[in-house]
Amino acid sequence: SALGSGMNALFRALTVYDNKLVAGGNFTTAGEVVANYVAFWDGLSWAALGTGTSSIVYALAVYDNKLIVVGNFTFAGGVAVNVGIASWDGLFWAAFGTGINGYQVEALTVYDNKLIAGGAFTTAGSVAINYIAAWDVSGWSVLGSGMNVESYVSALTVYDNQLIVGETFYTAGA
């Protein structure tokens, strides 16, 4: 069945946070509510997460009891963020970490108590990265040796206690 009257444009990501379904994408309204690129469904209606983000949301994940949101935005809830990555604690938006270079993060998941980010990027914080990075309490780090230069990570999940990475790459950890 439909969730309200839907969005006015595409959505690209879904996750569950605080027992609510969260959607991110290209939309600026969800149901009848202004919801700039990110909104949640509480079982009855859509609502905005604060004032949303300043542009498109690509991926969502829950890490350290916060909703992590990545995309092509520079502001979340009016707060300047580091190159398209922000956190929502249920009440407020905040910058997350030291950001990722000007390319996009396409996928997020949590594995081995770390937030894993994949996409078309080569720097996370001040660390050189090959399209996949891990975040923990000490900051961003290389995940293994990353992916080869022809990589573009666009899907991440955990299955059978292993991190599964998908998209166009020819070697992993080589």
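The values are calculated or read from the model by the stated rules, or taken from the named source; none is laboratory data. Since the model is a prediction, treat every value here as computed from it, not as a measurement. Virtual Cβ from ideal backbone geometry, glycine too; neighbours counted across all protein chains shown. All accessible areas refer to the heavy atoms of the entire protein, side chains included, with ligands and DNA or RNA removed. Shrake-Rupley method; radii C 1.70, N 1.55, O 1.52, S 1.80 Å.
Starting from residues that are under 20 Å from Thr15 (Cβ atoms) and free of Cβ contacts under 8 Å to residues at least 24 places away in the same chain, keep the ones in segment 115-142 and report whichever is surrounded by the fewest Cβ atoms within 10 Å (Cβ to Cβ). Per the criteria, the residue is Asp136.
Give segment 47-96 a look and list any residue that's under 16 Å from Ile116 (Cα atoms), in a strand (DSSP E or B) and open to solvent by 20 Å² or more (accessible area, probe 1.4 Å), or say none.
Listed by number, the residues that qualify are Tyr58, Val62, Tyr63, Lys66.
Scanning segment 6-37 for residues that are assigned to a loop (DSSP other than H, G, I, E, B), out of contact with any Leu (no Cβ under 8 Å at 6 or more places or on another chain) and aromatic (Phe, Trp, Tyr) yields a single hit, Tyr37. For the residues Gly43, Gly24, the requirement of being under 29 Å from Val158 (Cα atoms), out of contact with any Ser or Thr (no Cβ under 7 Å at 6 or more places or on another chain), at pLDDT 90 or above and surrounded by fewer than 16 Cβ atoms within 10 Å (Cβ to Cβ) singles out Gly43. Selection of segment 108-152 for residues being of a type in the set (D, E, K, R) and either at pLDDT below 90 or under 17 Å from the mean Cα position of the chain (by Cα) (or both) yields Lys114, Asp136, Glu150.
Here Phe169 fits the description: modelled with pLDDT under 90, more than 20 Å from Asn26 (Cβ to Cβ), surrounded by 14 or more Cβ atoms within 10 Å (Cβ to Cβ) and touching an Asp or Glu at 6+ places or on another chain (Cβ under 9 Å). If you go through segment 72-90 and keep only what is among the β-branched types (Val, Ile, Thr) and within 21 Å of Tyr17 (Cα to Cα), you end up with Val79, Val81, Ile85.
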